[in-house]
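First up is the structure itself, then whatever we jot down about it.
The values are calculated or read from the model by the stated rules, or taken from the named source; none is laboratory data. Owing to the predicted nature of the structure, the values given are computational and were not obtained by experimental measurement. Virtual Cβ from ideal backbone geometry, glycine too; neighbours counted across all protein chains shown. Keep in mind that these areas ignore ligands, DNA and RNA; they rest on the heavy atoms of the full protein, side chains included. Shrake-Rupley method; radii C 1.70, N 1.55, O 1.52, S 1.80 Å.
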Amino acid sequence: MRLLDKYILKAFVGPFLFGVFAFTSIFIGTGTLFRIAQYITEYGAPLVLVMKAFVLALPSIVILTFPMSVLLASLMTFSRLSSTSEIVVMRAGGLSFLRLAMPVYIIALIISIGAVAFNEFVVPRTNNMYQTIVREQIMKNASPQTQNHIVLKTMNGDELGTLLYAKSYDAETKQLSMITVQQFGEGGKLQQVENADTAIWNGQYWVMQNGIIYDLSAGNGVERTVKFKEQSLPIKSAPKDIQQDQRKPEELTIKELRHQIRAYKAAYTNANKLEMEMYQRFTIPLASFVFALVGAPLGLQKQRSSSSIGFGISILIIFIYYGVMTFAGALGKGGALPTVLAALIPDTLGIIAGLYLNWRVSK
């Protein structure tokens with residue numbers, strides 16, 4: 001049986017690697033190369049710098065191709081085994097379809113788990129390095145004068161110390177507006193919340209104006225409030241650091257996204273977009289396993305599919321999946337659906353379809 005598993009996996013690996021290269025090339029050709037060309041023509045960026053940015057952009061593209069490649073490989077593997085009647089021989093030997101497909105399902109699950117780790121430890125870092133190069137070396141720090149939804153934090157070791165949210169930041173006046181500051185004690189317990197209308201940089205530190213402090217350190221729901229006209233902000237970031245520290249959701253790890261969401265909610269600001277990003281860090285990699293469930297039984301249809309037809313079916317299924325994901329994501333971000341439900345809908349529908357197809361083929 002181990003020999004048969006190796007044989008099926010060997011038939012799977014080739015189409016999978018082909019799919020990674022093919023789909024990555026499509027993504028690069030439809031978007032990345034255009035942006036790279038813009039950096040050269042509009043900003044006069046040197047070729048070496050542009051090539052470095054290009055390499056750093058690849059991980060965020062490759063991670064999207066894993067589910068697509070698993071689908072293509074599953075379809076082509078079982079289509080080939082079916083067209084050469086090898087599946088007939090294997091099943092005549094008493095093996096069920098589920099047993100034959102099990103190596104592909106296991107490797108697809110491993111790819112999904114590996115993709116989650118890759119999406120957490122590699123992609124945010126390379127995205128941040130890419131954006132840093134574009135912002136600081138290609139666009140020469142051409143930051144906007146006004147930035148919205150500012151989040152800053154301090155850490156006490158591995159624990160969150162202070163978390164700040166400001167609705168906006170004006171680089172010209174060096175002023176933060178509509179501020180909420182949360183301060184945490186040991187074990188991440190919330191001890192104090194400060195709200196202020198504005199905070200102005202005086203050259204050395206930030207001074208909050210017209211605010212109120214909610215002291216929660218007594219515990220047991222006891223709350224003491226103190227109003228103030230001026231109060232120093234417990235964040236040491238200088239104005240230039242604020243502009244540089246603000247990162248896009250795709251540059252954040254899951255832990256950092258959770259901190260952002262916590263800051264948004266403390267200020268009663270809509271965090272649906274960040275929540276969708278966090279949940280999709282799991283659901284999009286899981287699509288590799290979902291696509292294997294769908295692709296393997298589809299490869300056993302009666303028609304003798306060529307590789308071009310298999311590629312076409314893959315594109316159709318991918319289009320349907322990402323169409324559903326985009327629609328459900330829009331509903332989640334808009335608040336029409338809970339974000340966790342919106343993120344799970346595409347994979348849930350895919351699993352249901354895959355289980356049905358496996359049941360039908362097994363019958």
Mind counting the residues in the stretch 168-184 that are within 20 Å of K240 (Cβ to Cβ) and either surrounded by fewer than 22 Cβ atoms within 10 Å (Cβ to Cβ) or among the hydrophobic types (A, V, I, L, M, F, W, C) (or both)? 10
If we keep only residues of the stretch 191-218 that are of a type in the set (G, A, S) and surrounded by fewer than 18 Cβ atoms within 10 Å (Cβ to Cβ), then the residue farthest from E172 (Cα to Cα) is A218
Test F34 against the stated conditions and say whether it is within 27 Å of the chain's Cα centre (by Cα) and buried (at least 16 other Cβ atoms within 10 Å of the Cβ). no
Residue list for the stretch 258-281, restricted to those being more than 22 Å from D347 (Cα to Cα), assigned to a helix (DSSP H, G or I) and out of contact with any Phe, Trp or Tyr (no Cβ under 8 Å at 6 or more places or on another chain): R258, H259, Q260, I261, R262, K265
Out of all the residues in the stretch 119-134, is one or more in contact with a Ser or Thr (Cβ under 7 Å, 6 or more places away or on another chain), of a type outside the set (A, V, I, L, M) and open to solvent by 40 Å² or more (accessible area, probe 1.4 Å)? no
Residue that is of a type in the set (D, E), within 18 Å of the chain's Cα centre (by Cα) and more than 30 Å from L75 (Cα to Cα), where the choices are E250, E277: E250
Selection within the stretch 23-51 - hydrophobic (A, V, I, L, M, F, W, C) and in contact (Cβ under 8 Å) with a residue 12 or more places away in the chain: F23, F27, I28, I36, A45, L49, V50
Conditions (1) among the hydrophobic types (A, V, I, L, M, F, W, C); (2) over 30 Å from L75 (Cα atoms); (3) open to solvent by 80 Å² or more (accessible area, probe 1.4 Å): number failed by M155: (3)
Given the criterion of a type in the set (K, R) and closer than 18 Å to G161 by Cβ, identify the matching residue among K236, K227. K236
Only listed residue being out of contact with any Ser or Thr (no Cβ under 7 Å at 6 or more places or on another chain) and not acidic (D, E), chosen from T162, T225, T146: T225
Leading residue by the ranking (farthest from M129 (Cα to Cα)) among those in the stretch 237-247 that are part of a helix (DSSP H, G or I) and either within 27 Å of the chain's Cα centre (by Cα) or not charged (D, E, K, R) (or both): P239
Given (1) within 30 Å of L293 (Cβ to Cβ); (2) among the polar types (S, T, N, Q); (3) assigned to a strand (DSSP E or B), identify the lone condition not met by N148. (1)
Checked T173, T162, T126, T154 against criteria (at negative phi, modelled with pLDDT of 90 or more and outside any helix (DSSP H, G or I)); the one match is T162
If you check every pair at least six apart or on different chains, which have Cβ atoms under 8 Å apart with a residue in the stretch 162-188 that is more than 20 Å from A271 (Cβ to Cβ) first and a residue that is open to solvent by less than 20 Å² (accessible area, probe 1.4 Å) and aromatic (F, W, Y) second? Q175/Y169
Count - residues of the stretch 324-352 that are open to solvent by 40 Å² or more (accessible area, probe 1.4 Å) and part of a helix (DSSP H, G or I): 15
Subset of the stretch 55-90 (residues that are aliphatic (A, V, I, L, M), more than 32 Å from the chain's Cα centre (by Cα) and open to solvent by 20 Å² or more (accessible area, probe 1.4 Å)): V88, V89, M90
What pairs come up if the first residue lies in the stretch 1-19 and is over 13 Å from R99 (Cα atoms) and part of a helix (DSSP H, G or I), the second is polar (S, T, N, Q) and open to solvent by less than 30 Å² (accessible area, probe 1.4 Å), and their beta carbons are under 7 Å apart, counting only those six or more places apart or on different chains? A11/T77; F12/T77; P15/T77; F16/S69; G19/T65; G19/S69
